[in-house]
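What follows is a short report on a single structure.
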Amino acid sequence: MAELLIGQTLAFCGNPLVDGSDAARHSAHGGVLVDSGRIVAVGEGDDLRRAHPEAAVTDYGAALISAGFVDAHVHFPQTGIIASWGKRLIDWLNTYTFPEEMRFADPAHASEVAERYFDLALAHGTTSMCSYATIHPESVDAFFAAAKARGLRAWAGKTCMDRNAPEGLCDTAQSAHDDSARLLAKWHGVDRLSYVITPRFSPTSSPEQLSALGALWAAHPDCLMQTHLSEQTDEIAWVRDLFPNARDYLDTYEAHGLLGRNGVYGHAIHLTPRERARLSEVGAALIHCPTSNTFIGSGLFDMAGLSAEGQRIGLATDTGGGSSFSMLRTMASAYEVAQLRHNPLHPSALWWLATAGSAAALRAGDRIGNLAPGMEADLVVVDLASTPAIAQRAARAETFWEALFPTIMMGDDRAIRDVRVAGRRLAARPAPPRLPPAGIFGPR
Ligand code: GUN
Ligand code: ZN
């Protein structure tokens, strides 16, 4: 049966990074008609009430109805090590990430973390995500099983590494290819799930492994391929040592069949002019992970320059390198990074990046990330006065953008009033785990 959601609404008819805030459509008294998991109509609330008297009405008052957030780059296995102190990228991987990822050889651990990750993501209003798993096929199964049970549109792939990682976290060129191919056949296109070919990054893949995954991608060009690119200067120097014949970091992928229009490159901070030109030429996607870039100390993404060049850009938490599950917090961090580059991002651009922009980066902009007839009804309802601090600032706003911005800058999961996945209400605020008695610490 049709349901009519009433509230403020925010949709996009273009990219505010390019077209300005005129590309956003806000209604103070809007409506979204949903039926059979899809958006049927978007318009003024009163008009839709009159036109569809048969629809059940859910009135969210002054709360904002938007497309659900799309997190275009996350590591669900790193849920438990988010906010780990004091390291830069390579030390952070060796100290915190790899030991944690080793634990995913145990399918029970993989399932437990996948369930916890999805509960957290949904509680923060994120309805779609593109995740790295670990090298263990079981971790991919755990992710997709949990996403399937929730009816989510989600992407993931087995992370491939055959060098410069602990022995227990290394596959081979052949097994990475074969395991990835098997997982792709098992999950790609099942319900709303998509497999992503996933070499972690050039330092942890031999040229043979990169070539094997390039060949797999050539056989499945409709799949996305995700990896990391030019995140930290130390990492780039290491890549130069490991691939002395490569023109630059991107060339280590390009030379092995891993550059293409369905390529999704995380971070992309320290790019050379040649890399920028090639990325825009092929129409690849660059994923900005601002809380990670400040937390791990990586650098300042050039949002203004890259979007002026016409690059496709999405936004992501990159948890657990990123320090939050919240795409609101991620928008705030993107704003701060842009300020440090003297290019403040308008709230419309921030919201677009977290919804339609990330969806387009994942080549799903025609299905998710916006309010429009025919789109899948993955929605978030945001309370724009969720804390006293936010409410007192929003109360004196003179425009919608001024009312929205305090929630972008100070909001978190307390702002998430409701979440719909294919029209169904899904978010359950996870109960916080019980803390150990004071003074007793250790791995869990
Ligand atoms: N580069 C290679 N692996 C990772 C990872 O897990 N997180 C981040 N932020 N960067 C990486
Ligand atoms: Zn990452």
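Since every read-out is calculated from the coordinates, none of them should be taken as a lab result. From a predicted model like this one, the values you see are computed outputs, not experimental measurements. FYI the Cβ positions are ideal-geometry reconstructions off the backbone, even for glycines, and counts take in every protein chain you see.
Return the lysines within reach of Lys158: Cα separation strictly under 18 angstrom, same-chain partners fewer than 8 residues apart disregarded; answer none if there are no such residues. Partners found: Lys148, Lys186.
Neighbour counts of other Cβ atoms within 10 Å put Cys223, Cys289, Cys13, Cys170 in the fewest-to-most order Cys13, Cys170, Cys223, Cys289.
Could you estimate the translational diffusion coefficient of the stretch 159-277 from the Stokes-Einstein equation, with Rh from the Kirkwood formula over C-alpha pairs, at 37 °C and 0.692 mPa s, in whole µm²/s?
Estimated diffusion coefficient is 226 µm²/s.
Which far-off residues, 5 or more places away or on another chain, put their amide H under 5 Å from the one on Cys223, with H placed in the peptide plane? Amide H neighbours of Cys223, under 5 Å, 5+ apart: none.
Figure the gain on full extension for Asn343 and Arg247 (residue separation times 0.36 nm, minus the Cα-Cα span) and round it to one decimal in nm.
Length difference between fully extended and current span is 31.5 nm.
Normalised by the number of residues in the chain, what is the relative contact order in percent for Cα pairs under 8 Å and 6+ residues apart?
20 percent
Only beta bridges with both residues in the stretch 172-298 are counted; by DSSP, about 0 percent of them are antiparallel. Quick one: Cα centre-to-centre distance for the stretch 205-249 and the stretch 29-59, in angstrom? The two parts, judged by their Cα centres, are 47 Å apart. For the chain, modelled as a GNM whose springs connect Cα atoms under 10 angstrom apart, the maximal fluctuation among Val190, Val70, Val239 occurs at Val190.
With a Förster radius of 30 Å, plug the Cβ-Cβ distance of Ser21 and Arg240 into 1/(1 + (r/R0)^6) and report the FRET value to the nearest 0.05. It comes out at approximately 0.15.
At R0 = 30 Å, how high is the FRET efficiency between Arg425 and Ala185 if r is their beta carbon distance? Nearest 0.05 is fine. Efficiency at R0 = 30 Å is approximately 0.35.
Sequentially through the stretch 278-291, phi angles give Karplus couplings (6.51, -1.76, 1.60; θ = phi - 60°) of 5, 4, 6, 4, 8, x, 6, 9, 10, 10, 8, 10, x, 5 Hz, Gly and Pro residues having no value and appearing as x.
For the residues Met409, Met161, what sequence is obtained by ranking on other C-beta atoms within 10 Å, fewest first?
Neighbour counts put them in this order, fewest first: Met409, Met161.
Counting only Cβ charges, +1 for Lys and Arg and -1 for Asp and Glu, the dipole size of the chain around its Cα centre is about 460 debye. Modelled label positions at Arg261 and Ala83, each set 7 Å beyond Cα in the direction of Cβ, lie 4.3 nm from each other. Taking amide hydrogens as placed 1.01 Å from N in the peptide plane, the amide H of Thr58 sits under 5 Å from those of Leu4, Leu5, Ile6, each at least 5 positions away in sequence or on another chain. Full extension of the chain between Glu281 and Met1 yields a length gain of 96.2 nm, computed as 0.36 nm times the residue separation minus the alpha carbon distance. The tail of the calculated P(r) for the chain beyond 31 Å holds 37 percent of all Cα-Cα pairs. Projecting the Cα atoms of Thr407, Gly86, Leu183 onto the charge dipole of the chain, computed from C-beta unit charges around the Cα centre, puts Thr407 farthest toward the positive end. Note on Asp178 and Ile90: the extension gain reaches 28.9 nm, defined as 0.36 nm multiplied by sequence separation minus the Cα-Cα distance.
Calculate, for Gln392 and Arg163, the FRET efficiency according to 1/(1 + (r/R0)^6) with r their C-beta to C-beta distance and R0 56 Å; round to the nearest 0.05.
0.55
Within the stretch 60-107, list the chymotrypsin sites (Phe, Trp or Tyr not before Pro) lying in a DSSP loop whose Cβ has at most 11 other Cβ atoms in a 10 Å radius.
Sparse-neighbourhood loop chymotrypsin sites (Phe, Trp or Tyr not before Pro): Trp85.
Per-residue ellipticity at 222 nm computed for the chain from its helices equals -10000 deg cm²/dmol, with DSSP H segments shorter than 4 residues left out and the rest contributing -39,500 (n - 2.57). Report for the chain the percent antiparallel among DSSP-assigned beta bridges with both residues inside it, nearest 5. Just about 45 percent of them are antiparallel.
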